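Below is one structure; the comments refer to it alone.
The values are calculated or read from the model by the stated rules, or taken from the named source; none is laboratory data. Since this is a predicted model, take the numbers as computed values, not measurements. As a convention, Cβ positions derive from the backbone with ideal geometry for all residues, glycine included, and neighbour counts pool all protein chains shown.
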Amino acid sequence: MVPDHQGGGVMRTDLLTEPVDGLDEALAAVDAFDRALVGGLLRPQPAQATGLAGLADAVAGSPLAERVAEAAAKAAAGAAGEEHLVALAAARTALLGSVHDALTARLDEATGRTPGDVAAPVAGEPTAPNLLAAARSWLADLARAGWQGLDHELVSGSAPVVSAMLPDPALRRLATLLDGFATELAASCPGATLERIPLRRWADLWSRAMLLTLPGAAGAPAVATVTGRLLPLGVDLHEHATAAQAQVHAVFEPADGGPARLVRAGVAVPKPDTVVGAGVWQLLRPHLSLLAAAGEGLAMELAGMPVTAEGDLLWSDEHARPGAAADAFATARVALAGAAAAPTAPLDRHPARIALPVLLEGYTVQQDGDAVAFALAGHRLAVDTDRIPAAGPLTAEAVAASSACIGLLRWDAGAYLLQPLAVETVVKKKTVAVHAGAWAGGTTDKAGLKAEKAATDAVTVLRERAGRLLRK
């Protein structure tokens, strides 16, 4: 919540708990289709046919209606061609896009924020149609076999396609998606022995990849340039065994006095699995100087920085320089409520992509074991402390003792929840701010220094080994 005299208003947390019309029905249609993919569409059973018909019914009032109805009928008969599977993937994507839009509209209403204008997609030039067709053929084979029909021979069919795509920058987005998807499927083979199948996740990856095989679908976003002041709010860090990604959420104030807007800047890097915790910042810092500024509490002055229509800064150090000190909580209290949210690209409209920066104050903390929630105006908002990274000083305990929080409003498992990026809490009778990305620019904290040193040693050893292999 932002006090009225500071330019904001009280967030309507009651709206975050009220049902959204049509949401359950749309998700039920998606889930039914996802279950149909389990057994495969080569010889579908009656239950699968019902799921396919439900997907067609869900889009009956849309421009997709005729194509999806035909595709569902063909798939139910075990005679679906690639064009029919593409239509089913498009229907599923459109349904989840409508869920995204409804949830985002509810967030805009609850926060009083002005939604961004939806940007028209910029179609890419058709590239390597033979490779796109090969990828589409492999994805069609997956759908026909189903997740229970997975085997290593089927999954390995993607390898030559991925290898041929990777050298082409225009195809790298799809190649990376296919590569990661195939790796995940290979680790689950044979599918007949799986006790648990990630239905939503695998169907998400399959449908997204299927649409990206359409010529021109992977178009580059519209890009402009901006000049002004960037005020970081917090850092969202994702760490996996072989990769790490950091995304800085910020408010951008144009130099020409135009309206402020929410923007992001991110970087992703591969990493060895021995680099964990605060050590990942060593891998990320060289690629994004903004991380150091966010960690040190500084603004950045931008001049001609490229930015997409979706609010993603295409970071280049030559267009940025460090500015004056900028407290994230001061920024949130003064500028966040009036900053326009960026629109979402059509193919990115998915509930999992929702991440709206907000400031919460005046709440009471509720704890039930490890679960933490904030109570505001008589309504409960769950706090996702599992998303707090180990590579910073922010902890679940600090969140539970906080009086103010900057976080990302997300939607997961049927409810809105808050991912903390920073909190204000009292330490030795003094209010201090604790940020998840406080160590991004370096740290004097003992635990952080220890992790950084371990990361340095691990990277040094790996470089020496790689050097020996190359010399051989």
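In the set (1) surrounded by 19 or more Cβ atoms within 10 Å (Cβ to Cβ); (2) part of a loop (DSSP other than H, G, I, E, B), Leu214 fails one condition alone, (1).
Of all residues in the range 17-49, exactly one satisfies the criterion of being outside any helix (DSSP H, G or I), under 30 Å from Leu409 (Cα atoms) and among the small types (Gly, Ala, Ser), namely Gly22. Tell me, yes or no, whether the range 172-186 has at least one residue that is among the basic types (Lys, Arg) and under 23 Å from Leu96 (Cβ atoms). The answer is yes, given that some residue of the range 172-186 is among the basic types (Lys, Arg) and under 23 Å from Leu96 (Cβ atoms). Do the conditions hold for Ala309, that is, is it touching a Gly at 6+ places or on another chain (Cβ under 9 Å), surrounded by fewer than 15 Cβ atoms within 10 Å (Cβ to Cβ) and closer than 28 Å to Ala102 by Cβ? In short, no. Could you look through the range 397-456, keep only residues that are in contact (Cβ under 8 Å) with a residue 12 or more places away in the chain, hydroxyl-bearing (Ser, Thr, Tyr) and not in a helix (DSSP H, G or I), and pick out the one that is surrounded by the most Cβ atoms within 10 Å (Cβ to Cβ)? Among them, the one singled out is Ser402. If you go through the range 312-342 and keep only what is in contact (Cβ under 8 Å) with a residue 40 or more places away in the chain, surrounded by fewer than 18 Cβ atoms within 10 Å (Cβ to Cβ) and part of a loop (DSSP other than H, G, I, E, B), you end up with Leu314, Asp327, Gly338. With respect to (1) in contact with a helix residue (DSSP H, G or I) (Cβ under 8 Å, 6 or more places away or on another chain); (2) closer than 18 Å to Arg200 by Cβ; (3) of a type outside the set (Val, Ile, Thr), the lone exception for Leu64 is condition (2). Selection of the range 70-106 for residues being among the basic types (Lys, Arg) and within 14 Å of Asp57 (Cβ to Cβ) yields only Arg92.
Among the residues making up the range 255-295, those that are surrounded by fewer than 22 Cβ atoms within 10 Å (Cβ to Cβ), in a helix (DSSP H, G or I) and over 20 Å from the mean Cα position of the chain (by Cα) are Gly277, Gln282, Leu283, Arg285, Pro286, Ala292. Checked against (1) charged (D, E, K, R); (2) modelled with pLDDT of 85 or more; (3) touching a strand residue (DSSP E or B) at 6+ places or on another chain (Cβ under 7 Å), Lys271 meets all criteria but (2). Pairs linking a residue in the range 237-254 that is over 22 Å from Leu302 (Cβ atoms) to a residue that is of a type in the set (Ser, Thr, Tyr), with Cβ atoms under 6 Å and 6 or more positions apart or on different chains, do not occur.
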